[in-house]
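For reference, the structure discussed in these notes is given below.
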Ligand code: IPM
Ligand code: MG
């Protein structure tokens, strides 16, 4: 799904939100690559760097400071590192770093979260799963990002009872399902199967029954050319590691998508590799799917590739520079193919060195 109108001007506004943990280190690698790719296409970036998450709380007493939110709303795109650190765990729920991210997703209206999972041939032997299972894996999860249990009301803790609400409006299901079907068509044009697997728990949950009904009707009326299957989330979780190559576009609700994409990251070999794009009507939000990794933060060993590939998605979907996006992705692939790996993949390349290697591959 392309974002709002292509920039006709020669500048674009991008807000970088390094956040917490390894966030600043990986954004330090992704930012210059983004800038040089945009410059190469004749676009000057107006870059802003602002705090979010724990860094927002430290700076302003709020995990999403008002100035950060306003700048993101006014931007063409936002590139985020990660939020969260153990030292904020004791804060009241509304002040926790994660709330900054959830509020930002809401503020930007990014209801569709695209998480592609690709298996690089050079990594097959480093991934925990058997090479024979991984062959041909190239899928994308379309996760609904603004509803379900994450946002449903009522929610709370009352004495010995705690509760959350899983609720979906038909309109919320429709708009994210459209993204999945459109994406499936695009992928078919690019030689992929172009089919949608909609994941739910319709044998138990009313929400899932509505989900299934709405998705089926949309397919019947507007996307009869796109093959659709439905699968229960427990069975989909098993098939994701048993026969991952059978999936193409996986459409699912917020919490199921959160869980399944961490699982799917195992296919790629490391969660540090996976980018994401969150899209709606306004600016897109691009972030690696891994978290702040407090255990390795500050040591310069984090894998910056998820952030770099998120920057590539930003170039493609928000700045409408598909050729520059593809060049950056190809540079990443070339570095991996040449056998350079960060610690998560068993190598000894540092975060900054990985940035230099990608930069060199870009200029080759
Ligand atoms: C993700 C993360 C977030 C989520 C957290 C940090 C709130 O796990 O993007 O997958 O649950 O959506
Ligand atoms: Mg997650």
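Derivation of every value follows stated rules applied to the coordinates shown; laboratory data play no part. Everything quoted here is computed from the prediction, not taken from an experiment. Note that we place each Cβ from the backbone using ideal geometry, even for glycine, and neighbour counts take in every protein chain shown.
What full-extension length gain, to one decimal in nm, is calculated for residue 165 and residue 178 as 0.36 nm per residue of separation minus the Cα-Cα distance?
Numbers: separation 13, 0.36 × 13 = 4.68 nm, distance 2.44 nm.
Length difference between fully extended and current span is 2.2 nm.
Averaged over all directions, how much area does the convex hull of the C-alpha atoms of the chain cover when projected, in nm²?
Details: hull surface 72.2 nm².
Value for the chain: 18.0 nm².
Compute a Gaussian network model of the chain, connecting alpha carbons closer than 10 Å, and tell me which residue from 69, 25, 169 fluctuates the most.
169
Rounded to the nearest 0.05, what FRET efficiency is calculated for residue 94 and residue 241 with R0 set to 35 Å and r the Cβ-Cβ distance? Could the numbers behind the result be given before it?
Numbers: r = 36 Å, r/R0 = 1.03.
Step by step, r from the Cβ atoms, then E = 0.45.
Fully extended, how many nm does the chain gain between residue 222 and residue 352 (0.36 nm per residue separation, minus their Cα-Cα distance)? Write out the running numbers ahead of the final one.
Numbers: separation 130, 0.36 × 130 = 46.80 nm, distance 4.70 nm.
Going from the current span to full extension adds 42.1 nm.
With an 8 Å Cα cut-off and a minimum separation of 6 or more residues, compute the relative contact order for the chain in percent.
Values: 805 pairs, mean separation 85.0, N = 364.
It rounds to 23 percent for the chain.
Quick one: among 253, 337, 98, which has the greatest mean-square fluctuation in a GNM of the chain with alpha-carbon springs under 10 angstrom?
337
Between the range 202-240 and the range 304-360, how far is it from one alpha carbon centroid to the other, in angstrom?
Computed from Cα coordinates, the inter-centre distance equals 34 Å.
Only bridges with both residues in the chain count here: give the DSSP antiparallel percent, nearest 5. Kindly include the intermediate steps, with their values, before the conclusion.
Numbers: 15 of 43 bridges.
Expressed as a percentage, antiparallel bridges in the chain total about 35.
For the range 128-268, what are the per-bin percents of Cα-Cα distances with bins 10 Å wide, up to the bin holding the maximum?
Going from the shortest bin to the longest, the percentages are 12, 40, 33, 12, 3, 0.
Kindly provide the helix-only [θ] at 222 nm of the chain, computed as the sum of -39,500 (n - 2.57) over DSSP H runs of four or more divided by all residues, to the nearest 500 deg cm²/dmol?
Numbers: 12 runs with 153 residues, N = 364.
It comes out at -13500 deg cm²/dmol, rounded to the nearest 500.
Rounded to the nearest 5, what is the percent of antiparallel bridges among the DSSP beta bridges in the range 128-268? Let's see the in-between values first.
On the way: 3 of 16 bridges.
In the range 128-268, approximately 20 percent of DSSP beta bridges are antiparallel ones.
Points 7 angstrom from Cα along the Cβ direction at residue 44 and residue 132: gap in nanometres?
Label at residue 44, label at residue 132, 5.9 nm between them.
Which one of 250, 266, 308 has the biggest mean-square fluctuation once the chain is modelled by GNM with Cα springs under 10 Å?
266
Report the relative contact order of the range 157-211, percent, no decimals, based on alpha-carbon pairs under 8 angstrom and at least 6 residues apart. Provide the component values of the computation, followed by the final result.
Details: 29 pairs, mean separation 16.6, N = 55.
Normalised by residue count, the contact order of the range 157-211 is 30 percent.
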